[in-house]
Amino acid sequence: MISPSLAFDAENNLMRLNGALVSLHCHYFNCGLLKALEEIPYIDGPEILREEAAKQFHANLKAMFREAKGEITPEILLKDSAEIYRFLGYGRIRLDQLDSRGGTATADSSYYVIGWLARYGRRSSPVCHLTRGFIQGVMAAIFQTEPEHYVVKETDCMILGSESCRFVVSERNNGR
């Protein structure tokens, strides 16, 4: 089991998760940022958010997993990754239906859904782009590949009225 270490430097107002700097912002900031990214013409803001989240989670989790002690299996790392997601305040996610080829992840709570609903109300498209990047980064870190190896699609989202957010994960080279 991975034991994340959280350290807060009060003098400099810095927080580190296993040595990596982390920054937590309120839902108004993050959802406002997402809305601004979506409104910029000629860029794909949600894909930028997903891609950067995948890179950062991959790098940080890969380093964390490398330092893990004891018997570490993909199943344990998936369970621990879900706990890290919760610990960071993003919600509850189940990753236990994933393996090296992909599968399905589900979230029954989502920071972005709650934040978006509080600020803007319902919308007609999924909002969990950071979660797609998280899953992509986790998969790559656990199965020792690069984030681009996986494609993560959000097929259901609570922002649309679904009971949970559902993410279908596949290997890019399988064309699924």
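Taking loop as defined by DSSP and a crowding limit of 14 other beta carbons within 10 Å, which GluC sites (Glu not before Pro) in region 124-176 fit?
Filter output for region 124-176: E163.
Return the label of the correct value of Cα extents along the principal axes in Å, as calculated from the structure shown, out of [x] 80, 35, 31; [y] 58, 36, 32; [z] 49, 45, 32.
Computed from the coordinates, Cα extents along the principal axes in Å corresponds to [z].
Name the aspartates and glutamates eligible as straight-distance cross-link partners of K153: C-alpha to C-alpha under 12 Å, and not fewer than 8 places from it in the same chain.
Reachable aspartates and glutamates: E47, E171.
Straight-line reach from K35: which aspartates and glutamates have Cα under 12 Å away, leaving out those fewer than 8 places along the same chain?
Straight-distance partners of K35: D44.
If I take R0 = 41 Å and measure r between the Cβ atoms of E75 and A10 in this structure, what FRET efficiency does the formula 1/(1 + (r/R0)^6) give, to the nearest 0.05?
0.65
With n ≥ 4 as the cut-off for DSSP H runs, can you work out [θ] at 222 nm for the chain, using -39500 (n - 2.57) per run divided by the number of residues, rounded to the nearest 500?
Counting only the DSSP helices, I get -13500 deg cm²/dmol.
Looking at region 1-71, which trypsin sites (Lys or Arg not before Pro) are in a loop (DSSP not H, G, I, E or B) and have at most 11 other Cβ atoms within 10 Å?
In loop regions of region 1-71 (DSSP not H, G, I, E or B), the sparsely surrounded trypsin sites (Lys or Arg not before Pro) are K69.
For the chain, which span is the longest to avoid every loop-located (per DSSP) member of chymotrypsin sites (Phe, Trp or Tyr not before Pro) having at most 14 other Cβ atoms inside 10 Å?
Longest site-free region, per DSSP loop and neighbour criteria: 43-119.
Write out the GluC sites (Glu not before Pro) in region 64-117 meeting two conditions: DSSP loop, and at most 16 other Cβ atoms within 10 Å of their Cβ.
Within region 64-117, the qualifying GluC sites (Glu not before Pro) (loop, at most 16 other Cβ atoms within 10 Å) are E67, E71.
Quick one: compute the contact order of region 1-107, relative version, from alpha carbon pairs under 8 angstrom and 6+ residues apart, as a percent.
20 percent
Is there a quick way to get the dipole size of region 7-79? I mean about its Cα centre, with the Cβ of Lys and Arg at +1 and of Asp and Glu at -1; what is the value in debye to the nearest 20?
260 debye
Treat every Asp and Glu Cβ in the chain as -1 and every Lys and Arg Cβ as +1, leave all other atoms uncharged, and give the resulting dipole magnitude about the Cα centre to the nearest 20 debye.
My answer is approximately 240 debye.
A short reminder: the numbers here are calculations on the coordinates, not readings from a lab. Every value quoted in this text rests on a predicted model; they were computed, and no experiment measured them. As a convention, Cβ positions derive from the backbone with ideal geometry for all residues, glycine included, and neighbour counts pool all protein chains shown.
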